[in-house]
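To keep things clear, I will list the structure first and then write my remarks on it.
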Amino acid sequence: MKIIIACDKYKGSLSSIAVCNTIAKAIESIDNTINVVVNPMADGGEGTVDTLVESLKGRFEETEVAGPLGEKINARFGIINNNIAVIEMAAASGLYLVPFEKRNPMDTTTFGTGQLIRKALDLGCRKIITGIGGSATNDGGMGMAQALGVRFFDEDDSLLGMGGRQLNSIKRIDISEIDTRIDNTLFECACDVENPLTGKNGAAYVYGAQKGADHETIKVLNRGLINFSKIINNDLKKNIRDIKGAGAAGGLGGGMVAFLKAKLRIGANIVIDVTKLEEKIKGADLVITGEGAFDKQTFYGKTAYGVATLAKRYKIPVITINGSVLYERKNIEKADQNLFLGNFSILNKPMDLSDAVENAEGLLESASREILNFYIKILRNKNYL
């Protein structure tokens with residue numbers, strides 16, 4: 001029997017590697033002859049770098065970059081297979097790096113993210129995967145582009161500085177000094193939202209407030225992104241305004257398309273490709289996936305949904321083992337109801353969140369043992385009695 005374990009982290013509690021290994025331990029306690037394949041997962045957000053580096057035996061690199069407000073910070077990224085860089089933009093330009101009282105997307109920049117990309121190029125990476133969740137910025141990726149040699153000018157042909165407030169002043173873009181290695185590099189952007197760059201569903205209106213913008217500032221930033229997209233269309237002949245996901249990370253998604261020719265993809269699907277999960281899944285009898293909370297968001301490109309969709313191609317049953325299950329089967333869209341054979345929570349009694357987090361590993365192992373004892377001994381062995 002072959003069982004694939006491809007789970008995401010339980011945020012704030014267990015890493016994806018710890019979740020997968022705990023389930024594997026439970027299976028081995030039931031039947032150590034089973035071929036258990038552990039494939040830790042991530043969706044492009046927090047923890048993606050750690051998951052891929054640790055599971056694929058890569059390495060970490062650390063370098064000094066500009067933080068969201070231009071201050072010097074140390075940020076790290078991962079390298080796998082010696083030539084693929086995995087970057088979380090939040091490591092250099094994340095909201096968590098900005099004290100609450102200083103949060104203002106008019107001032108924050110993605111320059112540090114561009115510096116991480118440049119460092120990866122210096123190290124010989126020719127495929128760069130960037131997760132763009134958790135940003136403090138709303139500069140459309142202008143700072144990222146500046147770090148890679150792009151220059152932006154105002155109506156007086158003066159060179160512009162950094163931050164979201166500069167977007168309305170852009171009149172000309174000069175890419176003559178952009179890093180030439182970009183042309184020989186494949187860029188993939190892990191994006192789990194579909195917001196366009198501008199408008200009521202765009203970067204500024206949907207995410208500006210959580211980054212410190214008031215209503216008037218949001219309107220200014222939206223106008224800036226409109227201007228930014230117009231100049232990109234005029235000077236670079238690229239229309240990024242209505243691309244799904246262009247509004248992710250304050251417009252960084254759109255900026256990466258414009259300046260790096262990046263492909264915007266669902267993060268879980270990128271991880272599936274990098275870890276070669278499709279090859280591993282062939283011939284499996286069962287796939288186990290899951291995450292901290294199985295809820296409505298699961299069906300918008302999260303790990304469990306991506307893994308189950310892949311398994312369905314090969315008609316392999318899937319179960320999820322989660323920290324909690326907050327979405328009942330009756331509420332799942334009819335087309336997706338057969339993706340999962342069963343969705344299980346590790347909680348065995350009413351408890352505070354702090355108790356669940358503290359005891360997550362033991363709860364997970366116990367729940368996994370019960371769930372898989374049923375599957376393995378009853379569904380496989382009719383003579384279990």
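Only the coordinates and a few stated rules stand behind these numbers; no lab work does. Because the structure is a prediction, the values reported are computed rather than measured. Neighbour counts run over all protein chains shown; Cβ positions are idealised from the backbone, glycine included.
Starting from the Cα of residue 244, step 7 Å toward the Cβ, then list every residue of segment 198-217 with an amide N under 19 Å from that point.
Counting only backbone N, you get 198-203, 206.
Between segment 356-372 and segment 38-65, what's the alpha-carbon centroid distance in Å?
25 Å
When only C-alpha pairs under 8 Å and at least 6 residues apart count, what is the relative contact order of the chain, in percent?
Averaging sequence separation for qualifying contacts and normalising by length gives 18 percent for the chain.
Would you mind working out the magnitude of the charge dipole of segment 1-154 relative to its Cα centre, with +1 at each Lys and Arg C-beta and -1 at each Asp and Glu C-beta, to the nearest 20 Debye? Intermediate results must be reported in sequence, preceding the final value.
Working: 15 positive and 17 negative charges, 64 e Å.
Value, rounded to 20: 300 debye.
Relative to the first principal axis of the alpha-carbon coordinates of the chain, what is the inclination of helix 16-30, with its axis defined by its Cα atoms, in degrees from 0 to 90 and to the nearest 10?
Tilt relative to the chain: about 10 degrees.
With Cβ to Cβ distances under 15 Å as the rule, what net charge do the other residues near residue 322 carry (K, R +1; D, E -1)?
Every neighbour counted, the sum reads -3.
Which residues' amide hydrogens lie under 5 Å from the amide hydrogen of residue 286, considering only partners 5 or more residues apart or on another chain, with H built in the peptide plane?
Hits under the 5 Å cutoff: 2, 4.
According to a simple spin-label model (label point 7 Å from Cα along Cα-to-Cβ), what is the distance in nm between residue 200 and residue 366?
For residue 366 paired with residue 200, the spin-label model returns 4.9 nm.
Within segment 19-48, whose backbone N sits under 18 Å from a point 7 Å along Cα→Cβ of residue 54?
The answer is 19-26, 37-48.
Compute the distance in nm between two label points, each set 7 Å from the Cα along the Cα-to-Cβ direction, one at residue 123 and one at residue 171.
It works out to 4.1 nm between the two label points.
Nearest 0.05, what FRET efficiency do residue 178 and residue 335 give at R0 = 41 Å with Cβ-Cβ as r?
0.40
Of the residues 82, 104, 39, which exhibits the maximal mean-square fluctuation in a Gaussian network model of the chain defined by a 10 Å Cα contact cut-off?
82
Mind checking which of 12, 255, 30 is farthest towards the positive end of the chain's charge dipole, using Cβ charges of +1 (Lys, Arg) and -1 (Asp, Glu) about the Cα centre?
Most positive-ward Cα: 30.
Of the labelled options (1) 67, 51, 37; (2) 163, 80, 34; (3) 85, 42, 37, which one gives Cα extents along the principal axes in Å as computed for this structure?
Label of the calculated value: (3).
GNM on the chain, C-alpha springs below 10 Å: top fluctuator among 95, 347, 167?
Evaluated over the chain, the most mobile residue of the options is 347.
Mind ordering 266-278, 327-339 by average Cβ neighbours within 10 Å, highest first?
The peptides rank, most packed first, as 266-278, 327-339.
So which residue, out of 260, 148, 236, gets the largest mean-square fluctuation from a GNM of the chain using Cα contacts under 10 Å as springs?
236
For segment 19-78, which trypsin sites (Lys or Arg not before Pro) pass both filters: DSSP loop (anything but H, G, I, E, B) and at most 15 other C-beta atoms within 10 Å?
57
Counting other C-beta atoms within 10 Å, which of 345, 16 has the fewest, and how do the rest follow? Could the numbers behind the result be given before it?
On the way: 345 18, 16 30.
Going from sparsest to densest Cβ surroundings: 345, 16.
As I understand it, the value is the acute angle between the Cα axis of helix 360-374 and the longest principal axis of the Cα atoms of the chain; what does it come to in degrees, rounded to 10?
Approximately 50 degrees, to the nearest ten.
Taking Cα atoms, how many degrees apart are the long axis of helix 111-122 and the longest axis of the chain, rounded to 10 and kept between 0 and 90?
Long axis of 111-122 versus the principal axis of the chain: about 70 degrees.
For segment 56-113, compute the orientation-averaged projected area of the C-alpha convex hull (one quarter of its surface), in nm².
Values: hull surface 16.5 nm².
About 4.1 nm², averaged over all directions.
With only Lys, Arg, Asp and Glu charged, each at its Cβ (+1 for the first two, -1 for the last two), find how big the charge dipole of segment 48-267 is about the Cα centre; round to the nearest 20 debye.
So the magnitude is around 540 debye.
Which ³J(HN,Hα) values in Hz, rounded to whole numbers, follow from the phi angles of segment 65-76 under the Karplus curve 6.51 cos²θ - 1.76 cosθ + 1.60, where θ = phi - 60° and Gly and Pro get x?
Using θ = phi - 60°, the values come out as 9, 7, x, x, 9, x, 6, 6, 9, 9, 10, 10 Hz.
How many percent of DSSP beta bridges within the chain run antiparallel, rounded to 5?
Of the beta bridges lying entirely in the chain, close to 35 percent run antiparallel.
Placing unit charges on C-beta atoms (Lys and Arg positive, Asp and Glu negative, everything else neutral), compute the dipole magnitude of the chain about its Cα centre in debye, rounded to 20.
Numbers: 47 positive and 46 negative charges, 259 e Å.
In total the dipole reaches around 1240 debye.
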